Amino acid sequence: MADNNSDFEHAFNNDPLLAHLSKNRIHTNVEKEKIARDMLERYTGHKIKDFQKQIILTNFHYYLERFNAITGDAKATKGASFQASSSKKSKVSIIEFGVGPAMAALVGELVATIKPKAVLFLGLCGAVHPSLEVGDFVLPIASIRGEGVSGHFLPPQVPALPTFKIQKFVSQILVKNGHDYRTGTIHCTGFRFWEFDPKFRRNLIEERVIAVEMETAGLFISSFVSKVNVGALLLVSDNPMKKGGIKTKKSSRVVFQKYTDIHIEIGIEAMRKIQNEGEKIRHYRW
């Protein structure tokens, strides 16, 4: 089996057309990797050597603050665009990268320069399926690429998928700690205020997605082509398909205060479990 896999990889890597298509990937373009390393350090204020091999990604500064409080030994930095913090005790770093598909796709490439063992996105999502309530966890199995940026990495027919082994680790942590969760397909979009577009809302129902958000597709696709093992655990923050269910400043504050610590603790435990157990995450290479 190993020989067959090796033969396949040799043929794949020596195909002139495929080599041409992959020449701008982080792992094949020395100049791009150099620029990306510089950008990651500049954007986060963190040195590459200070990052741990298990990375948590977040959109929100409150998550970084709570990470610092929970770990107790974290050292935080602020860069030109992002903020980051690393805990040697937990062997986990967290990067707050902003909001939206473009930033998600960018951070997927930038973290590749750390050569992490695992990356986990702790994001928020809006419920589409009526059974979901605020505070529920969603472990996505796929993300519909409705955001636009992922098309710069791979053809549109390629599905945006997380790394299965990371989702498996996270699901085990959820079950062990008595947390229920839902799996399913989510819709990723760069369209803000979609809640007021009836056509978009109908499309979500026709797609049979359970939730909607803005980062996963870009992150999954850019991470895949950059050889980064990535997963996601989403927290339902609002019910925009229901009357009065759109997130507000007041309701968002309640969600953060009630659920953020649980969300982060699950993420840290999953990353620590991956680090300690040493199980191989990916069984093949593209």
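Among the listed pairs Lys78/Lys273; Lys89/Lys227; Lys115/Lys273; Lys75/Lys168; Lys165/Lys247; Lys53/Lys273, a Cα-Cα separation exceeding 20 Å is found for Lys78/Lys273; Lys89/Lys227; Lys75/Lys168; Lys165/Lys247. Let me know the shape class of segment 104-233, please: from the alpha-carbon gyration tensor, a ≥ b ≥ c as square roots of the eigenvalues, rounded when a/c is under 1.5, otherwise prolate if a/b is greater than b/c, or oblate. Verdict is oblate for segment 104-233.
Which trypsin sites (Lys or Arg not before Pro) from segment 51-101 combine a DSSP loop assignment with at most 16 other Cβ atoms within 10 Å?
Answer by residue number: Lys53, Lys88, Lys89.
A simple count of charges around Val209, restricted to other residues whose Cβ falls under 14 Å of its Cβ and scoring Lys, Arg +1 and Asp, Glu -1, yields +1. Annotation for segment 91-136 versus segment 203-256: alpha-carbon center distance of 9 Å. Can you classify segment 2-277 as rounded, prolate or oblate using the Cα gyration tensor, where a ≥ b ≥ c are the square roots of its eigenvalues, rounded means a/c under 1.5, and otherwise it's prolate if a/b beats b/c and oblate if not? It is oblate, given that a/c is not under 1.5 and a/b is not larger than b/c.
What the phi angles of segment 182-198 give under the Karplus curve with 6.51, -1.76 and 1.60, with θ = phi - 60°, is a coupling list of 10, 10, x, 8, 10, 9, 9, 9, x, 8, 7, 6, 4, 4, 9, 10, x Hz, glycine and proline written as x. For Gly79, the amide hydrogen comes within under 5 Å of the amide hydrogens of Gly45, Ala84, counting only partners 5 or more places away or on other chains and with H modelled in the peptide plane.
One chain, two ends: Glu31 and Lys243. Fully extended at 0.36 nm per residue, the span grows by 71.2 nm beyond their Cα-Cα distance.
Every number here is computed from the coordinates shown, using simple stated rules; none is lab data. Quick caveat: nothing in here was measured; it's all calculated off a predicted structure. Neighbour counts run over all protein chains shown; Cβ positions are idealised from the backbone, glycine included.
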